[in-house]
Each structure stands twice: as structure tokens, then as C-alpha cells.
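Structure first, commentary second.
The values are calculated or read from the model by the stated rules, or taken from the named source; none is laboratory data. Predicted model, so just to flag it, every value in this text is computed and none were measured. Neighbour counts run over all protein chains shown; Cβ positions are idealised from the backbone, glycine included.
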Amino acid sequence: MTAPLVDEETPLVQQRQQQPQPQMNKQDVYAKWSIIAGLALFVSLVISVLVRIPFNVFTYHPLFMTTFIVLVTEGISLLQPTSTEIEKKRGLRHHAIIQTTSYLSAICGFSFIFYNKVISGKHHFESFHGKMGLFVFIYLFVQLVFGVSMALLPKQIFGSVDKAKSTWKYHRVFGYILLLLVWITAQFGVRADYMYNNLYSPHLIWLHWVSLALVFGGLYSRIRFDKWGIIRQ
Ligand code: HEM
């Protein structure tokens, strides 16, 4: 048996192996910061209204939904530039953790607004935002179950790992559609009377268009269309 190579120079705590970073070109880096800036603007606009209204059960709805939106957007953005097997594996792990956390935030946000309607004796899902929110909430559940089955139970549900991998493209396309619907729903939310009327100035609502442009411009430029099977490299 050969003795392990340990001497007085060996560090007591082993250095973690350098993890390879996803291959990001300059454009990806700008796009990443565009997304972060758009999210920061969105969060600031929502908070700027919440500080002007009394803190009550309703307040938890936009708070948790904003957390959900930030996480769900970042959880997609981080996967976009991954290309090698190691990057994809690591990206997938982070994606799964972030999207599960985002889903828990969405459950909280949904529960608070539902409970708020119950205690104030109002009807449910009357506004367009409320109806769309319900649809998005169900879509989110289906997307999560689909993703978890592909990643954790490929053999049991799809028959083999390769068959499961062949469905990734659907998860990707439906994921982008879902993200778009989430943002549209949120845009109706920030324009709901209670939020709009409590803006510092109604003109500030235009900043939401800026935040949308920054987020979707960034996301679009990070898309690798070759992963979609549309463009062959
Ligand atoms: C931060 C962004 C958001 C804000 C400021 C916001 C704001 C509001 C407001 C003011 C209401 C009460 C008025 C109404 O019923 O339309 C509401 C209800 C509702 N929201 Fe949001 N919302 C946001 C994001 C979301 C998202 C992303 C979803 C879905 C995933 C969602 C789902 C719902 C649902 C389902 C209702 C109705 C609940 C019921 O009728 O029992 N909201 N939201």
C-alpha cells in the first residue's frame, strides 16, 4: 500500500477544486447585468409602493411574489450560457434549488392574497390579474413536476435517461413561456388600483417598461438557440 502524500506543507483544510465557470462572452456579462438592473428596478418600484401603504396581510402578497419573480428569472438566466457537461450538471443543481425556493415563495404569495380575500369577505379571482395569477400558479406546478420528474426520476417516468433528456427541450420552451406569463401577470398586479394609486407619482409606472426591457433584453441575448434544436452548429 502506498502512503498518502501528506507532509508539513500540506494544508490542513483542502482547497476546493477550481470550479469551471460557464463560458460567458462579453455580451453574456452585459446581459447578466441588464437582467440584474431590471430586477433591481422592479423590486425598488414595488417596495416604493409598499412603504406608502399600511403593513397588513396584503403586503405579504407582493413581497413573496417579488421574491418569486427575482428567483424564477435568475434561476433561468444562470442556465442559459452553460455548455459543457460539468457546467450543465452544476447549473442544473443550482436551477433546481432556486426554482424550488421560488415555488415556495409563490405558494406563500398565493396563500396570503387568498387568505386576505377570505378575511375581507371579497370574491376570489375576479380581476384579470387574479385569473391570470391562478392560471400561472397551476402552470408553475405542472412545470415543476415535469422538471423534477426529468431530473430525479428519468427511468421511472420516461423509461430511460436518454428519453428523459429528449424532453428537456419542451421543459425549456414551456419555461420561457411561463416566465413571460409570470411577468405579464406581475405587470397587471403593479397596475391594480391599490398599487397604482399608491405610487409616488403615476409617471413612475413607465419605469416598469424599462425594467421589462432590461430583463427581457438580457434574457434574449443569453439564449443559446442551438440548444433549442432550431439552429444547427
Ligand atoms: C409583485 C407583483 C404583484 C403585485 C404588486 C400583485 C398585486 C396584487 C393585488 C393588488 C391583488 C388584489 C387585487 C386583485 O385581485 O387583482 C392581487 C391578487 C392576486 N394575485 Fe397578485 N400581484 C403580483 C404578482 C402576482 C403573481 C406573479 C401571481 C401569480 C403567480 C399573482 C397572483 C394573484 C392572484 C391569484 C390574485 C387573486 C387572489 C384571489 O382572488 O383570491 N400575483 N395581486
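Odds and ends about this structure:
- Applying a threshold of 9 Å to beta carbon distances and a minimum spacing of six or more residues, or different chains, the list of pairs starting in the range 205-233 at a residue that is closer than 18 Å to TYR30 by Cα and surrounded by 10 or more Cβ atoms within 10 Å (Cβ to Cβ) and ending at one that is at pLDDT below 95 and hydroxyl-bearing (Ser, Thr, Tyr) reads ARG224/THR82; ARG224/SER83.
- All of LYS165, LYS169 fail the test of being touching a residue at least 24 places away in the same chain (Cβ under 8 Å), charged (D, E, K, R) and under 29 Å from PHE225 (Cα atoms), apart from LYS169.
- Positions within the range 192-204 being closer than 19 Å to PHE58 by Cβ and surrounded by 13 or more Cβ atoms within 10 Å (Cβ to Cβ), in sequence order: ALA192, MET195, TYR196, ASN198, LEU199
- Among the residues of the range 83-103, at least one is without any contact (Cβ under 8 Å) to a residue 40 or more places away in the chain, assigned to a helix (DSSP H, G or I), polar (S, T, N, Q) and surrounded by 19 or more Cβ atoms within 10 Å (Cβ to Cβ).
- Residue ranges of helices (runs of 4 or more DSSP H) in the range 105-224 with at least 1 members under 18 Å from the mean Cα position of the chain (by Cα) and of a type in the set (Gly, Ala, Ser): 128-152, 168-190, 207-222
- ILE157 vs. criteria surrounded by 11 or more Cβ atoms within 10 Å (Cβ to Cβ), free of Cβ contacts under 8 Å to residues at least 24 places away in the same chain, farther than 17 Å from LYS227 by Cβ and out of contact with any Leu (no Cβ under 6 Å at 6 or more places or on another chain): yes
- Screening ILE138 against (1) within 16 Å of the ligand (Cβ to nearest atom); (2) in contact (Cβ under 8 Å) with a residue 40 or more places away in the chain; (3) among the hydrophobic types (A, V, I, L, M, F, W, C) leaves a single unmet condition, (2).
- Contact map, the range 182-193: residues that are modelled with pLDDT under 95 paired with residues that are assigned to a helix (DSSP H, G or I) and within 7 Å of the ligand (Cβ to nearest atom), Cβ distance under 9 Å, separation 6+ or inter-chain. No pairs are found.
- GLY121 being within 8 Å of the ligand (Cβ to nearest atom) and at pLDDT 95 or above: no
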